[in-house]
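The values are calculated or read from the model by the stated rules, or taken from the named source; none is laboratory data. Since this is a predicted model, take the numbers as computed values, not measurements. Counting neighbours? That spans all protein chains shown, and the Cβs are built from the backbone with ideal geometry, glycine included.
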Amino acid sequence: MSPSRLYTASVMPPLPLSSFSVSSNFCTEENVSECILYINQELSSLCFPPIFQNSDNIRDLDAVVALNNIYDLLQLHRRAVGMMEEMEVEQLKSSSDLHYQHLTNSRLKDQLELSKKENMRLHERERQLETNLKSLQNCLKDTKEEVQRLQGIIASRATQYNHDIKRREREHNRVKERLNQLLIAKKENKQGMEVLNYVGRSDGRRCLWKTGKTESRHEGDMYKTLLNEFDNRQRELMVENIELKKVLQQMKREMVGSTLQTNSDEDELLKGHPEMSCDHAREKLTNSIRQQWRKLKHHVERLDSQASMVQDGDSEEVISKQLHEEEMERLKLEIQQCKEFIQTQQQLLQQQLNTPCDEETAAVLNDSYMLEEKERLKEEWKVFEEQRKNFEMERRNFTEAAIRLGHERKCFEDDRAMWLKHQFLNTTFADQMKPQSHSGREEKLISISGKVSKSHL
């Protein structure tokens, strides 16, 4: 009888053994019939033929059937033992695979914790870099505002020098008119006495000898002429003073706006005392401008120190190379225009100084007012040279700051690329390790356990 038949057959419940217990002495002389009946029932339950034809007679034992049954039972026992060993081996393999899976799970948990910590560290790094980027952008914005303010100052200086040129032209034209009048009124030299430093008449003719009548008659004309000339000169000086005050007030407003400070006392001084002397007003305005320039210098030095402090830390934009080059070209063009303007002024002044003149024109040019104007022009030229040097220094500092910001921007881009690469690799590894379904996890575990068992064997 085949083993498959033995396993597929229905198992009938055996009869209870009430008269004996399982011990070393299974059969005795008193329970022979019961043992025969029990054996037959067990064999029939296992689909074996009974070895006793009659339960009452022991001699009716069928030896062939008994031997076959014993052989089949031995085979079944051997198979059961083999299956038991195989199941034990499978159990050992399963336990080893389970232990390996636990180790792998713990290792992956450690890797996950490390990845989370690294991610948090990178987020903190990114936040710091964004903060530094914002601070650098604010610094760049302040620098651009400073450049615009300096450009406004340069424009105001150009306006002031244009005004000076126009004033010089008016004075030059006035001197030419005076010279033409002197040349027209000049007559042929006659023999006789010459009167030096006489007061001329309005019609250009020479006055007569002073007698009682002529002196009383022409004294009023002389005073009227002097008063008219003095009034005209005073009117021109007042117009010029008003224009200069406007220019200086504009410069002062720009300086105050750049340093974010106001100086109300000096404004009240300029607006409330228009009748003060020119020297006193000039001294007050000069002191005010010097104070504003000191404040401006301190403000620029503070900006430079802030830029250097930001560079020492973990910084980085900010401006592109193209914008930097455009800014440099524009600044160079403005500097070239200023240089051309200054050269034009120098040429005009040189032409005025080198123009040939006669003795009377030389006497007019050597007047105290012209000397005072020359001295003032020299002082203004020195101030302008100092301002130009300061502007060159500020432009150099701005260029160095822009280059530093460009390098820091490049370093920031490199760090950001490395972080994105690391983040992409971590995300890809996590997606590969993430289970798709429960059945897929079981299939992977079975395949991994099979590979591990083969490797162990």
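Points to keep in mind about this one:
- Qualifying residue in segment 175-197 (condition: in contact with a Leu (Cβ under 8 Å, 6 or more places away or on another chain), at pLDDT 55 or above and on the phi < 0 side of the Ramachandran plot): yes
- Pairs are defined by a Cβ separation below 9 Å, a sequence spacing of at least 6 or placement on different chains, a first member in segment 32-52 that is within 15 Å of residue 73 (Cα to Cα), and a second member that is polar (S, T, N, Q) and crowded, with 18+ Cβ neighbours inside 10 Å; the pairs so defined are 43/69; 46/69; 48/69; 49/69; 50/40; 51/40; 51/69.
- The set of residues from segment 94-112 being of a type in the set (D, E, K, R) and more than 26 Å from residue 425 (Cβ to Cβ) comprises just one member, 97.
- Pick from segment 312-355, criterion part of a loop (DSSP other than H, G, I, E, B) and hydrophobic (A, V, I, L, M, F, W, C), ranking: modelled with the lowest pLDDT: 318
- For residue 146, the conditions (1) assigned by TED's automatic domain parsing to the domain that holds residue 387; (2) surrounded by fewer than 17 Cβ atoms within 10 Å (Cβ to Cβ) are fulfilled apart from (2).
- If you go through segment 130-139 and pick out every residue that is in contact with a helix residue (DSSP H, G or I) (Cβ under 7 Å, 6 or more places away or on another chain) and under 20 Å from residue 328 (Cα atoms), you end up with 2.
- Test for residue 156: is it hydroxyl-bearing (Ser, Thr, Tyr) and farther than 30 Å from residue 381 by Cα: no
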